[in-house]
1. For the pair Ala196/Arg44, report the inter-label distance in nm, with labels modelled 7 Å from Cα in the Cβ direction.
2. R0 = 22 Å: FRET efficiency of Leu113 with Leu239, Cβ-based, nearest 0.05?
3. Given R₀ = 41 Å, what would the calculated FRET efficiency be for Val174 paired with Asn64, taking r from the Cβ atoms and rounding to 0.05?
4. Hey, with R₀ at 30 Å, roughly what FRET efficiency would Leu160 and Arg91 work out to, going by the Cβ-Cβ distance, to 0.05?
5. How would Ser154, Ser76, Ser177 line up from fewest to most surrounding beta-carbon atoms within 10 angstrom?
6. Please give the length that would be gained between Lys34 and Ala167 if that part of the chain were fully extended, namely 0.36 nm times their separation in residues minus their C-alpha to C-alpha distance (nm, one decimal).
7. What ranking do 187-199, 163-175 get when scored by the average of other Cβ atoms within 10 Å per residue, highest first?
8. Let me know the shape class of the range 4-79, please: from the alpha-carbon gyration tensor, a ≥ b ≥ c as square roots of the eigenvalues, rounded when a/c is under 1.5, otherwise prolate if a/b is greater than b/c, or oblate.
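Here, each number is a calculation from the coordinates, and none is a lab measurement. The shown structure was predicted, so the numbers you read here are calculated from the model rather than taken from an experiment. Cβ placement follows ideal geometry from the backbone for every residue including glycine, while neighbour counts extend to all protein chains displayed.
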Amino acid sequence: MAPRQKTVFAIPKMDCAAEERLIRMALAGQDAVKVIHADLAARRLTVVHDGPPAAVEAALQSLNLGSRLLDTVDASETDLPAGPTQQEEARTLTIVLVINAGMFVGEAVGAVLADSSALLADSLDMFADAAVYGLALFGVHRARATQLRAARLSGVFQLLLAVGALAEVIRRLVFGSQPEAPLMVGVALAALTANATSMWLLARHREGGAHMRASWIFTTNDVIANVGVIVAAGLVRLLGTNVPDLVVATGIALIVLNGAARILRLKA
């Protein structure tokens with residue numbers, strides 16, 4: 001019987017739930033893989049597996065995330081913790097998916113009413129989150145090829161929306177816009193409340209599966225984006241210019257665009 005090993009990889013580009021999910025998808029088809037633990041803060045991935053790490057290493061390198069094998073040692077019984085209840089995680093992910101999908105629509109409508117590029121871009125961030133959570137739910141118990149198709153489809157949607165948001169920023173830069181600061185603040189506060197609720201729900205599972213921990217960290221970044229929109233609204237009101245709205249919109253759209261590009265670079 002092949003020895004059970006614990007291998008640690010450095011993954012420099014693993015910094016949010018999207019990358020973590022791609023890694024889990026890449027390793028899902030390998031029966032030898034027993035445990036996957038992602039440490040986003042340290043950009044480290046620990047995999048407990050049977051036999052040599054060559055297959056695991058090859059799968060990670062196909063993701064273009066800069067993976068590098070750091071160490072391989074014999075695994076112990078403590079390296080095989082009992083996983084969280086899948087039904088509980090699925091329930092939490094479903095609720096968070098509904099929250100993010102609802103706020104995507106709400107922020108998009110608010111962006112039109114407030115004439116705000118920042119709100120429009122933030123709504124795309126909500127869509128990106130919903131895509132990640134939906135993909136996590138859809139991919140369970142499905143073949144890797146099906147997971148890849150779903151991931152790329154979500155990547156295409158994110159790419160199109162991000163490009164559309166950047167085009168809208170350019171249009172408003174050329175032709176001008178008049179963001180309604182009070183409405184921007186109101187919608188952004190609703191989004192902030194939604195993300196805070198998602199954080200609270202996900203925090204219950206932070207010590208469970210790696211994806212649940214990663215999703216919680218991912219949602220904290222959304223809170224920062226919401227605060228950015230609120231700050232932009234304050235500056236729009238104070239300075240009487242649409243520039244802060246356009247700057248924040250560009251930053252959020254580029255984040256979504258980067259995430260979409262990473263998904264689309266995923267190899268079979």
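1. 3.4 nm
2. Approximately 0.55, to the nearest 0.05.
3. For Val174 and Asn64, the calculated efficiency is 0.70.
4. 0.45
5. So the ranking, lowest neighbour count to highest, is Ser76, Ser177, Ser154.
6. 43.4 nm
7. 187-199, 163-175
8. prolate
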